[in-house]
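A short worksheet on the structure shown next.
The values are calculated or read from the model by the stated rules, or taken from the named source; none is laboratory data. Everything numeric in this text was worked out from a predicted model, so none of it was measured. Backbone-built Cβ (ideal geometry, glycine too); neighbour counts: all protein chains shown.
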């Protein structure tokens, strides 16, 4: 039971953090950038480990943020200088960085505690067995056990993301909805662009160990897209996105338990199903409104006759 609690808590934090930053990616039409960063930061993780021989969270975050920002900058540069389309620029950079990361893993597989399947698919069922200890006198395996390492990693990043959005909410809102107004007000759009890319990079690398890159992409895009369809303001969109992400975790975990399938894949499927259900409900409502309007118009015509 305690393992199930840790798994659900970790998945919920991953989903919430991805949903929050995903909202701004969707509003700025940069969903593909989230996909790019979630794959390219593999290179940052591998390089950070090779250079420092450590999997400490600050080191992993540092490597991921650097490569994430480099991905955003190179994509923008190829778009402006090379005159390539935006999506083509993003695709070129992230596939290049991801491929280099995979090559480095294959070359140093005996030294690196990472593998392609772990990074791509993740296995959240194993996180309760990689625990964090405090007070061990320098030995990470001694001292008092405080829970899974992945949980505390994403908990730290979630708090950073939440505080960042609360503090910078007005600036992020203006840049997302009114970029020209932001320029006229003297808001540095470039800074806030890379600020958002930093949050995406941090969220991605903190989620890698737990759920893998594929589910990270799903949670960055799908809950925020579902919320976009029904929300009337940025605040409600953030709340709806988090709600959809938590519903996906709950339904996905239940589905995985019943079918004895992959938890990460089940959560991603649940998020997609919720999106399609939302679209279907909205279409039914539109049909009813249109049908009701047609009935009223026919009554008006009959009365005139």
Quiz item: Is it true that residue 122 is surrounded by 15 or more Cβ atoms within 10 Å (Cβ to Cβ), outside any helix (DSSP H, G or I), under 26 Å from the mean Cα position of the chain (by Cα) and modelled with pLDDT of 75 or more?
Solution: no
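Table: residues versus (1) at pLDDT below 85; (2) crowded, with 17+ Cβ neighbours inside 10 Å; (3) in a helix (DSSP H, G or I); (4) in contact with a strand residue (DSSP E or B) (Cβ under 8 Å, 6 or more places away or on another chain).
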position	(1), (2), (3), (4)
158	no, yes, yes, no
164	no, yes, yes, no
186	yes, no, no, no
205	yes, yes, yes, no
Exercise. Quick one: count up the residues across the range 49-69 that are under 18 Å from the mean Cα position of the chain (by Cα) and over 16 Å from residue 150 (Cβ atoms).
Key: 7
Quiz item: Right, residue 70: assigned to a helix (DSSP H, G or I) and at pLDDT below 80 or not?
Solution: no
Quiz item: For the subset of the range 190-203 comprising residues that are over 11 Å from residue 64 (Cα atoms) and modelled with pLDDT of 85 or more, which member is surrounded by the most Cβ atoms within 10 Å (Cβ to Cβ)?
Solution: 196
Quiz prompt | Search result, residues across the range 233-251 that are buried (at least 21 other Cβ atoms within 10 Å of the Cβ) and without any contact (Cβ under 8 Å) to a residue 60 or more places away in the chain | solution = 240
Exercise. Say whether the condition of being surrounded by fewer than 22 Cβ atoms within 10 Å (Cβ to Cβ) and closer than 19 Å to residue 158 by Cα is met by at least one residue in the range 260-277.
Key: no
Practice problem: State whether one or more residues within the range 2-19 are at pLDDT 80 or above, over 30 Å from residue 254 (Cα atoms) and in contact with a helix residue (DSSP H, G or I) (Cβ under 7 Å, 6 or more places away or on another chain). | Solution: no
Practice problem: From 253, 244, 228, grab the single residue that is closer than 20 Å to residue 151 by Cβ, over 12 Å from the mean Cα position of the chain (by Cα) and modelled with pLDDT of 90 or more. | Solution: 253
Quiz item: Does the range 40-50 contain at least one residue that is closer than 21 Å to residue 262 by Cβ and crowded, with 24+ Cβ neighbours inside 10 Å?
Solution: yes
